[in-house]
Structures are given as structure tokens and as C-alpha cells.
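The values are calculated or read from the model by the stated rules, or taken from the named source; none is laboratory data. Since the model is a prediction, treat every value here as computed from it, not as a measurement. Glycine also receives a Cβ, built like all others from the backbone with ideal geometry; neighbour counts cover every protein chain displayed.
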Amino acid sequence: MTDAPDAAIAAGQEHEDRHDEYAIIINGERAVVPHEEVSYTEVVAIAYPVPPDPNTTYSVTYRKAKEPKHEGILVEGQAVEVRHEGTIFNVTPTGKS
């Protein structure tokens, strides 16, 4: 019976850990990030871990984000608050800067 409290604590910790994960969709692929605010740079790095060209620029759009702005365009230097599940990003290489 001594395992019951430990199991409850472990289950509670697991539940807390899941709240620190945010499942987002980038270019149709699921990605998990550890925080609610996701930056342009982070989204691009997840979408293109190896850039097609070091000077490539990207167009980033999002939808199903948290309020107050549910959808929009993300530019370098900006970040957006995501939902725990289902914020969608589309990242497209647009050329060289």
C-alpha cells in the first residue's frame, strides 16, 4: 500500500509535465515545444533545421493561436502565444534577403 501515494505523486507530476508541453503543427507535422510563447526564429528552426540556403528568408503564417489574435503573419523578432494543442504554422521559404 505504500506505493499508492508514490503513484499518485507520479501521476500528478506527469499531469503537470504535460501542461508544460505545447503541441503545435508546423507545415503539417506535429511538434512539441516547452513553452506557451513561440517565436518566428523557433518556428523556422523547427520547420527547416537545415536551411535550403543560409540567406533564405521565410514567410510564416499562423492560425488557431491564443487570443487576442487567433491568426496572422509572424515576422522576425515576433512571437505568438500558442494553445496547448493545435496552433498551426505554415513556413515557406520566400527567397534571399
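Given VAL33, VAL82, VAL50, VAL38, which one is free of Cβ contacts under 8 Å to residues at least 12 places away in the same chain and among the β-branched types (Val, Ile, Thr)? Break it down into steps so the answer makes sense when it comes.
Working: VAL33 fails: free of Cβ contacts under 8 Å to residues at least 12 places away in the same chain; VAL82 fails: free of Cβ contacts under 8 Å to residues at least 12 places away in the same chain; VAL38 fails: free of Cβ contacts under 8 Å to residues at least 12 places away in the same chain.
Answer to the check: VAL50.
Return the total of residues in the stretch 37-57 being part of a loop (DSSP other than H, G, I, E, B) and either modelled with pLDDT of 95 or more or surrounded by 15 or more Cβ atoms within 10 Å (Cβ to Cβ) (or both). Before the answer, list the steps.
Looking only at the stretch 37-57, we keep the residues that are part of a loop (DSSP other than H, G, I, E, B), and these are 48-55.
Retained after the next criterion (residues that are either modelled with pLDDT of 95 or more or surrounded by 15 or more Cβ atoms within 10 Å (Cβ to Cβ) (or both)): 48.
Matching residues across the stretch 37-57 total 1.
Any idea which of ALA23, ALA65 is closer than 15 Å to ASN90 by Cα, in contact with a His (Cβ under 9 Å, 6 or more places away or on another chain), surrounded by 12 or more Cβ atoms within 10 Å (Cβ to Cβ) and of a type in the set (A, V, I, L, M, F, W, C)? Don't jump to the end; show me each part of the working.
Numbers: ALA65 fails: in contact with a His (Cβ under 9 Å, 6 or more places away or on another chain).
Result of the check over ALA23, ALA65: ALA23.
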